[in-house]
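Remarks on the structure that follows.
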Amino acid sequence: MAEHPAYPVGLRLTGRRVVVLGGGQVAQRRLPALIAAGAKVHLVSPEATPSVEAMADTGEITWSRRRYEDGDLAEAWYALIATSDAAANVAASAEAERLRVWCVRSDDADAATAWTPATGHSEGVTVAVLTTNAKGRDPRHTAAIRDAVVEGLRDGTLVAPHHRVRTPGVALVGGGPGDPDLITVRGRRLLAEADVVIADRLGPRDLLAELPPHVEVIDAAKIPYGRFMAQEAINNALIEHARQGKSVVRLKGGDPFVFGRGMEEAQALAEVGIPCTVVPGISSSISVPGAAGIPVTHRGVAHEFTVVSGHVAPDDERSLVDWPALAKLRGTLVILMGVDKIGKIADTLVAHGKPAGTPVALVQEGTTAAQRRVDATLATVAETVRAQDVKPPAVIVIGAVVDVGPQTFE
């Protein structure tokens with residue numbers, strides 16, 4: 001059989017009996033896909049890994065806690081043989097051959113009647129890479145090909161332009177904290193499929209350079225506002241381009257719903273019946289401190305962290321933040337958009353009981369090549385910001401976690 005190439009096929013296993021022999025690491029890797037395919041999976045094994053046992057406990061699979069016995073493959077459509085008992089594997093393989101059950105063997109691929117391809121998924125497409133014959137099979141090579149194809153589909157570098165369907169509407173995409181590699185896979189794919197991209201200043205700018213020439217890139221800060229408020233003008237631009245049948249991406253820094261006014265845009269689109277997709281992004285409130293070696297929580301140090309917008313000073317009547325309550329918390333306080341207000345914020349926290357010596361770290365341009373970290377305390381942070389010329393965007397971390405990790409972190 002090894003002289004001929006394998007015939008690739010997709011098995012539709014919904015509601016069909018699949019038998020897995022062995023509850024070790026091979027089963028742990030293969031079972032989720034079988035469950036996702038809707039198969040009625042029955043495991044035969046005296047033992048199982050904790051993950052496999054959890055699948056049985058939750059009813060995702062059934063489990064006979066014993067060794068293989070002749071007849072276990074009766075009425076099966078597909079079998080996976082992955083035990084550590086060589087004799088049992090041979091016997092089960094023979095039963096599968098006798099009953100005409102397609103059978104995969106983890107211990108001896110040449111003796112199997114089916115091979116498991118290296119698979120990956122991207123937006124409704126399954127990529128399966130299979131070595132053409134048994135001789136010279138290299139699982140690492142097939143996995144590498146699989147990874148390259150899936151990554152290309154996900155980030156938009158591998159596309160079928162004549163068959164790709166662009167869906168008119170708007171996607172609110174969180175671009176992450178700044179490093180272009182930290183945007184989500186889905187966000188990057190939607191960018192690659194966009195006709196129009198309306199970008200914030202804090203979005204990952206390097207990604208814009210990768211867009212095809214036909215994509216219209218609009219700087220949100222340069223949209224003519226005229227008689228409109230800035231946000232209203234942005235909403236109108238999203239609506240206008242979407243109504244032209246275009247696929248529009250609103251590229252925002254961090255996450256669209258973390259001080260990003262994303263919900264205002266989603267509501268404006270919903271009011272006029274334009275489809276809107278929200279793609280969460282990595283928030284700078286946790287990613288930037290992490291990139292600077294600061295965990296926002298740490299065992300024995302902080303069991304909570306609170307994220308606050310600092311764009312309005314504590315003494316401003318528009319402030320919605322209960323600063324006296326924050327001063328009493330023992331956990332980590334992360335402040336976004338607060339560089340120019342940090343003096344008043346620090347004074348308010350100290351006035352309501354936060355120790356003046358509480359450590360403070362300011363991480364400017366976090367996750368980018370220009371990242372820098374400046375340390376201070378609540379008592380010294382205002383002067384430190386002036387002396388060190390700290391500029392936005394910067395994430396401010398207040399609390400004992402500032403001193404947990406190293407000053408430099410890669």
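The values are calculated or read from the model by the stated rules, or taken from the named source; none is laboratory data. Since the model is a prediction, treat every value here as computed from it, not as a measurement. Virtual Cβ from ideal backbone geometry, glycine too; neighbours counted across all protein chains shown.
Within region 385-398, residues that are over 9 Å from residue 374 (Cβ atoms) sit with their Cβ atoms under 9 Å from residues that are exposed (fewer than 14 other Cβ atoms within 10 Å of the Cβ), at 6+ positions apart or across chains, in these pairs: 393/201. Against the numbered list (1) touching a Gly at 6+ places or on another chain (Cβ under 7 Å); (2) farther than 30 Å from residue 182 by Cα; (3) assigned to a helix (DSSP H, G or I), residue 379 comes up short only at (3). When region 97-107 is filtered for residues that are out of contact with any Phe, Trp or Tyr (no Cβ under 7 Å at 6 or more places or on another chain) and under 19 Å from residue 24 (Cβ atoms), the ones remaining, listed by number, are 103, 105, 106, 107. Within this structure, residue 29 passes the test of being among the basic types (Lys, Arg) and within 23 Å of residue 125 (Cβ to Cβ). In the condition set (1) crowded, with 18+ Cβ neighbours inside 10 Å; (2) more than 22 Å from the chain's Cα centre (by Cα), residue 258 is compliant with all but (2).
If we scan region 271-280, do we find a residue that is without any contact (Cβ under 8 Å) to a residue 12 or more places away in the chain and either at negative phi or not β-branched (Val, Ile, Thr) (or both)?
Checked against the condition, which is being without any contact (Cβ under 8 Å) to a residue 12 or more places away in the chain and either at negative phi or not β-branched (Val, Ile, Thr) (or both), region 271-280 yields at least one hit.
Inspection of region 16-24 identifies at least one residue that is at pLDDT 95 or above, in contact with a strand residue (DSSP E or B) (Cβ under 8 Å, 6 or more places away or on another chain) and under 24 Å from residue 125 (Cα atoms).
Hey, any hits in region 246-255 for a residue that's farther than 19 Å from residue 184 by Cα, touching a residue at least 12 places away in the same chain (Cβ under 8 Å) and among the acidic types (Asp, Glu)? The answer is no; no qualifying residue exists. Screening the candidates 87, 76, 54 for the property of being surrounded by 19 or more Cβ atoms within 10 Å (Cβ to Cβ) and in the same structural domain as residue 104 (by TED's automatic domain parsing) yields one hit, 76. Filter region 113-152 for residues that are among the aliphatic types (A, V, I, L, M), modelled with pLDDT of 80 or more and over 17 Å from residue 80 (Cβ atoms) and give the result. Result: 127, 129, 143, 144, 145, 148, 149, 150.
Restrict the check to region 172-189 and report whether at least one residue is in a helix (DSSP H, G or I), in contact with a strand residue (DSSP E or B) (Cβ under 7 Å, 6 or more places away or on another chain) and crowded, with 23+ Cβ neighbours inside 10 Å. Among the residues of region 172-189, at least one is in a helix (DSSP H, G or I), in contact with a strand residue (DSSP E or B) (Cβ under 7 Å, 6 or more places away or on another chain) and crowded, with 23+ Cβ neighbours inside 10 Å, which makes the answer yes.
Against the numbered list (1) within 23 Å of residue 146 (Cα to Cα); (2) among the β-branched types (Val, Ile, Thr); (3) part of a loop (DSSP other than H, G, I, E, B), residue 35 comes up short only at (3).
Test of understanding: among 346, 351, 356, 379, which residue is over 27 Å from residue 206 (Cα atoms), surrounded by 21 or more Cβ atoms within 10 Å (Cβ to Cβ) and at pLDDT 95 or above?
346
For residues in region 84-109 being part of a helix (DSSP H, G or I) and among the polar types (S, T, N, Q), which is farthest from residue 10 (Cα to Cα)? Out of the qualifying residues, it is 89. If you check residue 243 against the conditions, is it over 30 Å from residue 357 (Cβ atoms) and surrounded by fewer than 19 Cβ atoms within 10 Å (Cβ to Cβ)? For residue 243, the condition - over 30 Å from residue 357 (Cβ atoms) and surrounded by fewer than 19 Cβ atoms within 10 Å (Cβ to Cβ) - is met.
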